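Encoded as structure tokens, the structure appears first; notes follow it.
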Amino acid sequence: MADITLLLVDDQDLLRAGMAMVLGAAPGLRVIGEATNGADAVARAAELEPDVVLMDVRMPGLDGIEATRRITAANPATRVIILTTFDLDEYAFGGLNAGASGFLLKDAPSDDLIAAIHTVAGGEAIVSPRITQRMLEMYRGRMPETAGGSSADSSPLSEREHEVLVAIGRGLSNSEIAAALFLSESTVKTHVGRVLSKLGLRDRVQAVIYAYQRGLV
């Protein structure tokens with residue numbers, strides 16, 4: 001299996017060097033580029049087409065949120081993990097709304113960062129339960145009213161895919177969905193991919209919002 005390619009974006013040279021050293025030594029990962037600001041990140045992402053971008057938030061000029069929005073719009077296959085020293089909702093919300101697939105603090109253990117990279121590269125998302133709950137609360141006031149079961153009736157999903165969507169909306173991981181529905185994890189992963197594809201959703205974060213909007217959870 002090919003290595004997961006990485007683009008590191010941070011305006012602090014020492015932080016980039018540290019990440020490059022740790023991640024470059026991790027099996028299955030390969031650092032292919034670095035950027036010092038948002039504008040540079042957008043240009044480098046377009047040039048290199050990395051699998052995953054590790055994105056700082058606060059940088060001079062174009063910030064990490066807008067850079068994330070431009071990168072994911074130009075190439076939806078590129079996943080972005082927002083890294084910040086600030087555990088503030090506004091950064092998490094902004095990054096996820098811009099298309100990021102994950103949100104981690106810079107002081108997270110290296111094993112957690114490596115695991116997050118593999119997770120988002122596989123099409124899933126990394127968001128803490130606290131952030132997910134706050135995000136749903138933020139969206140609640142904006143959500144359109146939906147009739148009881150009408151959304152399910154018009155859904156392009158099969159019955160099993162609908163069950164998987166509801167499970168995603170409840171915050172279950174693939175292994176938890178597999179246990180709940182008596183399926184293998186590989187089968188669940190296939191169903192998750194079909195759910196996202198049929199509904200035109202980028203990742204599990206958008207699937208949670210979709211399920212919440214339609215009253216499925």
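The values are calculated or read from the model by the stated rules, or taken from the named source; none is laboratory data. This is a predicted model, so every value here is computed, not measured. Glycine also receives a Cβ, built like all others from the backbone with ideal geometry; neighbour counts cover every protein chain displayed. Areas reflect the complete protein model, heavy atoms only, side chains present, ligands, DNA and RNA absent. Shrake-Rupley method; radii C 1.70, N 1.55, O 1.52, S 1.80 Å.
Share of segment 151-214's accessible area from carbon and sulfur, percent, 1.4 Å? Kindly include the intermediate steps, with their values, before the conclusion.
On the way: 1530 of 3150 Å².
That fraction is 48 percent.
Rule-of-thumb check for segment 151-214: C-alpha Rg over 2.2 N^0.38 Å?
0.99
For ASN97 and ALA39 in the same chain, what is the full-extension length gain: residue separation times 0.36 nm, less their Cα-Cα distance, in nm? Don't skip to the answer; put the middle values down first.
Values: separation 58, 0.36 × 58 = 20.88 nm, distance 1.89 nm.
The ASN97-ALA39 span can extend by a further 19.0 nm.
Given R₀ = 25 Å, what would the calculated FRET efficiency be for ASP111 paired with LYS198, taking r from the Cβ atoms and rounding to 0.05?
On the way: r = 34 Å, r/R0 = 1.37.
Computed FRET efficiency for ASP111 and LYS198 comes out at 0.15.
Taking amide H positions as placed in the peptide plane 1.01 Å from N, state which residues far from VAL31 in sequence (5 or more) or on other chains have amide H under 5 Å from it.
Amide H to amide H, under 5 Å and 5 or more residues apart or across chains, VAL31 pairs with LEU6.
If you take the charge dipole of segment 10-103 about its Cα centre, with +1 on Lys and Arg Cβ and -1 on Asp and Glu Cβ, which of LEU14, GLY61, ALA41 is farthest toward its positive end?
Working it through, the farthest residue towards the positive pole turns out to be ALA41.
Keeping all protein chains in place, calculate the accessible area per residue for segment 151-214 (probe 1.4 angstrom), answer in Å². Walk me through the numbers before you get to the answer.
Numbers: 3150 Å² over 64 residues.
Heavy-atom SASA per residue in segment 151-214 reads 49 Å².
Over segment 4-134, give the accessible area per residue in Å² for a 1.4 Å probe, as an integer.
Details: 5760 Å² over 131 residues.
Computed with neighbouring chains in place, this is 44 Å² per residue.
Once each part is reduced to its C-alpha centroid, what is the distance from segment 103-121 to segment 1-17 in angstrom?
12
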